[in-house]
1. Among the listed residues B:249, B:323, B:338, identify the single one that is under 30 Å from residue B:42 (Cα atoms), touching a strand residue (DSSP E or B) at 6+ places or on another chain (Cβ under 8 Å) and polar (S, T, N, Q).
2. Among the numbered criteria (1) touching a residue at least 12 places away in the same chain (Cβ under 8 Å); (2) aliphatic (A, V, I, L, M); (3) open to solvent by 50 Å² or more (accessible area, probe 1.4 Å), which single criterion is violated by residue B:404?
3. Return yes or no: is residue B:464 more than 14 Å from chain A (Cβ to nearest Cβ), in contact with a helix residue (DSSP H, G or I) (Cβ under 6 Å, 6 or more places away or on another chain) and without any contact (Cβ under 8 Å) to a residue 40 or more places away in the chain?
4. Of the residues A:399, A:404, which is more than 14 Å from chain B (Cβ to nearest Cβ), open to solvent by less than 50 Å² (accessible area, probe 1.4 Å), polar (S, T, N, Q) and in a strand (DSSP E or B)?
5. I'd like to check something: does the stretch A:338-345 contain any residue that is open to solvent by 10 Å² or more (accessible area, probe 1.4 Å), within 14 Å of another protein chain (Cβ to nearest Cβ) and closer than 30 Å to residue A:391 by Cα?
6. Look at residue B:49 and say whether it is loosely packed, with under 13 Cβ neighbours inside 10 Å and within 14 Å of chain A (Cβ to nearest Cβ).
7. Identify, from the list A:131, A:148, the residue that is modelled with pLDDT of 95 or more, crowded, with 17+ Cβ neighbours inside 10 Å and under 28 Å from residue A:435 (Cβ atoms).
8. Of all residues being assigned to a helix (DSSP H, G or I) and surrounded by fewer than 17 Cβ atoms within 10 Å (Cβ to Cβ) in the stretch B:23-46, which is nearest to the other protein chains (Cβ to nearest Cβ)? Just the residue, please.
Amino acid sequence: MKITIYILFICLMFVMTSCSQPQGVTENSEFPPIYPDYTEVTIPVNIAPLNFMVRQAERLHVVISSGDNTIKLKGRNRIRIPMGKWRKILAQASTGPGRIQLEVSVQEHGIWTRYAPFNIYVTPEPVDPYLSYRLIEPGYEVWKSLQLAERNVETFRERIIADNSLTDNSCMNCHTYGNQDPGLSFFHLRGPGGGTVLNRNGELRKININQQDMISPVVYGNIHPSGDYGVFSSNIVLPGFHTLKGERLEVYDSESDLVIVDFRDNTVTPFPEDFPRELRTFPVFSADGNTVFYCNAPQISVPDSIYHLRYDLLKISFDPADGRWGSKADTVVNASSLGLSVCHPKTSPDGQYLLFTMADYGTFPIWHQETDMWLLNLHTGEISKLEGVNSTYSDTYHSWSSNSRWFVFASKRDDGIYGKPYFCFIDANGHARKPFVLPQKKPHIYDNTLKSYNIPELSRGKLPFGATDIERIYKKTPAENVSMK
Amino acid sequence: MKQKGKWLEWLAAGVLTVAAFLFFLFFYPYHNLLKEQMILFLNTQDHFISYLEKPAWLTSYAGDLLTQCFIMPAGGAILVSLALLSLWLLFRKAFRSFGMRPAPASAVAAIPVAVEFLFHCGLHYPLGSTFSTLLALCFFLLFIRIRNRHLYIWLFLPVFALLYYLAGHGALLFTLLWLVSGLIRSVKNRLPIFIPALLGMLIPLLLRPAFLLTPGRAYTYPVKAPLSLNISFTWEKILALDYQTQKGNWFKVIYLAQQYGMKNRVASYYTNLALSQSNLLGDWLFLFYQPGPGALFLPVSQQSTPLTIAFSNEVFFRLGDMNMAQHSAMLGMIFSQNHRSSRLTKRLAEIHIAIGDAPAAGKYLGLLEKTLFYRKWAREHRTLLHATDVPLREKIPSVDTVRLADDYVNALEILLKSNPENKMALDYLLCTHILRKDIPAFRETYDKWVVRETETVPGVYAQALIVSLYREGASDDMLQKYGIPTSVINHFMEYTNAYQESGGDPEPLQEMYGNTFWFYYHFAMLQE
């Protein structure tokens, strides 16, 4: 009888403590110190649960609510939000109040603190469900172990699509989609069995896009909306080291130019010869495929004059019917007149915007802390710095979602060294909202990783190939050659 | 008699275990110390889960967990010698199960143990690999208890698959022992034994896409580097210099360098670093082997080995060239076996503390706080995140320029421009010119940066200066102005005469002048 009473008492205590809210709570008017910082961010309706942690917490109570829907969670120093409940609350929030509210109470040194509740705004516009990125140690110009990965952003599933341990440790450049289409993408594989791997609905081709008349094998590029052409830069890339603390690596081109590649007959059309000899890089097609945007700078002596190397954003017409360059280039953003240098232009799929980054000088802004993203309205010509989006560290390498309402970019805002993918919403008026980092099942993964998430790219679906397909094409498929037009 | 033989076997095993322990403790401790430094074992759930993505997860996890104890020389010695003893016991038992008599079984069991011992004398052999062999032997010894022939055959494949996941290459040893045992058991109809064994050997190939391994690695996991079967005392000595450098025991480094008398670039690199930290570089440079200017820096290039890349940050860090130190530490980590290293994580934390970059330093300290042996160090250093009086900070350049990674002269000049008090940078710059035999550059640097009134001229610098002054026909007053001691002037005249008499033959000059700049200038073949 006594034992039964004890058991009942313990059960009662357990039930009481598990249901009760913390007692003797101190109120704090600030937002809770959660990591990742999801306070007041805007998220798409289809994103995976935003699990977070409070590093110093001994215990954590979280109440997530939207309308009459509430999720109560507890954890030691982190919470994991159940997928089903999360989906339900997001669906309700996106059609109703447009936001969910989170109330976080933290126990630290035995004392409970309830922080000011914060909102997470939910948009009904989804983000493309798949994200590819390169996982690489931020080791400047060298590599040992690198992988291309694909992550489903609606869940936490990550898949390796290429692993250089299967391709003789050769370098792999980042994976780029055409039109956010999983059936149209490419990346460069370096090394003896390398080439540009072109994916068309899972059929993989390996093309050696290099000719004697070209400066180098192709580097940065973009696929035409038709999938028939690619525009690439070929660059002599040199690394140098800054001496000043905080500044790290400077990667610059001693030469660079553009080419168009016709994937149907493997021909290469060089940039028109009647243009002056200048540095041209980061080419990208417009949404309609009739224009190529690129970065252009006068050829100056580097690295001695590196601080004066500034690129402007130019455009040149392109005729998809016969794959020819236009005869006249126009300046779109005269960045050098602002004392800045443009790189990484990316046009939105709806053709309304062009997102690009600007740094104080140079062409490789990953290690430039001042690198920020800017938005150009292609209809009005107006440019604006994305103030609420940029951080004190490098923010760059962005990619649009197919609905043009979301973009993802790589930011080093946490520690200045390791890049992570952040998602940002652009509303109908072109205003960007506070971005949020790619959610992880275990939020402390970002603390423990020594890899950067390099060049994140969004896609409408899952890629139709995997790491062993890339191994096979590297080892067994001879590369197709190209010829100059 | 039987009892006596058994005792003798055990005595021999005991003696050899103690010998292995003493060997790793006193004669070969630095290889194990380095192995610990080249892993970063985190006591976290996701670190554990990362092992599940590859075969041999259990033995790799257990191996790396215990490799942390290699931080103490005795820890490595105890663990390796106990692992070897266990290996001998289990191999002996396995051989006994084949019907071998105790003494031959003991002797034959000593052969794989000896091989394993030699593997452990290499730089990269993981403890987890020995555990894979141990687990395979345990599985085999349990398996042979199965008396039913059908069960013996049918259970093989699932057990192989399980063992492969737990112990990687251990599954191959298991297959071999299982096959031998099966053949001994089945006098008739031996064919069915071979079929599961062959199928089992295909399992690593079939599973390799899931584990993202090449065919070769699928069969050798968790061994990652090529195996070597030799005891390298050359590397042991270099690692001794490396270890004492990390501890800042500069006189010990110099003492060891003297004892070893090695003609090795990495040894010279550490010796020169110790000489500079002891303010002896300008005097004692040529008391040690100098292969050329490459003895001052270890390059980070395609020709470098992973280990020299890992070592290369030591000089940059102490010079205050933090961007290069960070570059080489980061690359050292990338090229290390596991792409994670406690030593280099620690160094990256130190670099960012020196720079004053709290977020980046916090990242590395956060990792170290999740380890067993670096937690305390990390917590102590967290207090420095916002400190202003960090010793190395004043050495960091205050001017910016972009330079190539191997442009050491430019880097040293920038360090001096930012902080003329950076004695190490000055010594390294002067010695770079000396070791390049570039007398005009040495003289220019000396005239520009050395404050003559307050310093006596170090011996080697005096030897280089007198060559420069002699070339320009400097007067006695000029020699005095430079503070060159009369003894050096006399010594130089003697050398000049002796050199002319020798007709360019180094042999007669070696004993008397082998430790001088003049001898180096005339006879050293520069190695870049």
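1. The conditions single out B:323.
2. (1)
3. Values: more than 14 Å from chain A (Cβ to nearest Cβ): yes; in contact with a helix residue (DSSP H, G or I) (Cβ under 6 Å, 6 or more places away or on another chain): yes; without any contact (Cβ under 8 Å) to a residue 40 or more places away in the chain: no.
No.
4. Exactly one residue qualifies, and that residue is A:399.
5. As a first pass, look at the stretch A:338-345 and keep what is open to solvent by 10 Å² or more (accessible area, probe 1.4 Å): A:338-340, A:344.
Those still in the list that are within 14 Å of another protein chain (Cβ to nearest Cβ) too: none.
No, the stretch A:338-345 has no match at all.
6. Values: loosely packed, with under 13 Cβ neighbours inside 10 Å: yes; within 14 Å of chain A (Cβ to nearest Cβ): yes.
The answer is yes for residue B:49.
7. On the way: A:148 fails: modelled with pLDDT of 95 or more.
After applying the criteria, what remains is A:131.
8. B:46
The values are calculated or read from the model by the stated rules, or taken from the named source; none is laboratory data. It should be emphasised that the depicted structure is a prediction, and the values quoted were computed from it without experimental measurement. Cβ sites come from the backbone with ideal geometry, for glycine too, and all protein chains shown count toward neighbours. Note: accessible area is taken over every heavy atom of the protein model, side chains too, but ligands, DNA and RNA are not part of it. Shrake-Rupley method; radii C 1.70, N 1.55, O 1.52, S 1.80 Å.
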